């Protein structure tokens, strides 16, 4: 177990804890647990690179843990009436597509570049921000920062996040198709 894999495992363990806290209507604890879990997502890749501990297991487990945490939060926010159905389905379908693509390419033994793209990193940051803002609104609907109501920011944050989900999802589809195409060309030349 590398340090980065331990951070990813912590995120996996904290996801059901967050879910239970949300269901039990313990907003301050739910937000705290989600924030700690999200922080492990933001640092695990950096830790792996700094300690020179990249691992295939971590490269597979990390995106699964990220998606599980975020989708769990989006389910909670959707059923709380804070996220629209279209956004929930967009985020869910993108994650299923990415995980399905990774599993397919792994099954076919393609060599995968286990690095998040820049739009995907922005999509993840926006999803985390959306989740935290959504939970703050769930906790205190009237919450504001410097006189600006968080609830007024939320619809724009949903749109911005959706755009990055579409951009990054499309980019991953193109990367996957290129990997398959390059492999089939290589087979045809052999």
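Anisotropy class assigned to segment 66-154 is prolate, per the alpha carbon gyration tensor with a/c at or over the 1.5 cut-off and a/b larger than b/c.
Modelled label positions at residue 174 and residue 3, each set 7 Å beyond Cα in the direction of Cβ, lie 3.6 nm from each other. Compared with the dominant principal axis of the Cα atoms in the chain, helix 118-139 is inclined by about 20°.
Taking only Cα atoms and a 10 Å spring cutoff, compute GNM fluctuations for the chain and point out the largest among 161, 15, 117. Maximum among the listed residues: 117. In the Gaussian network model of the chain, springs joining C-alpha atoms below 10 Å, which of 123, 131, 151 carries the largest mean-square fluctuation? Its mean-square fluctuation being the largest, the pick is 151. Compute the Rg/Rh shape ratio of segment 117-189: radius of gyration over Kirkwood radius, all on alpha-carbon atoms. Expressed as Rg/Rh, it is 1.29.
In terms of Cα atoms, the Rg and Dmax of segment 12-66 work out to 13.3, 41 Å. The angle between the Cα long axis of helix 56-79 and the longest principal axis of the Cα atoms of the chain comes to about 30 degrees, rounded to the nearest 10.
Per-peptide packing, taken as the mean over residues of other Cβ atoms within 10 Å, places 56-66, 92-102 in the sequence 56-66, 92-102 from highest down. Helix 27-50 and the longest principal axis of the C-alpha atoms of the chain enclose an angle of approximately 30°.
Which of rounded, prolate, oblate describes segment 30-114, given a ≥ b ≥ c as roots of the alpha-carbon gyration tensor eigenvalues and a/c under 1.5 marking rounded, otherwise prolate only if a/b is larger than b/c? Numbers along the way, then the final one.
On the way: a/c = 3.62, a/b = 1.35, b/c = 2.69.
Oblate, because a/c is 1.5 or more while a/b does not exceed b/c.
Quick check: from the Cα gyration tensor, does the chain come out rounded (a/c under 1.5), prolate or oblate? Intermediate values should be presented prior to the final figure.
Details: a/c = 2.36, a/b = 1.65, b/c = 1.43.
Verdict is prolate for the chain.
Read-outs throughout are calculated quantities, based only on the coordinates presented, and are distinct from any laboratory measurement. Note that the structure is a prediction, hence the values are computed from the model and not measured. Because the Cβ atoms are built from the backbone with ideal geometry, glycine has one as well, and the counts that use them run over all protein chains shown.
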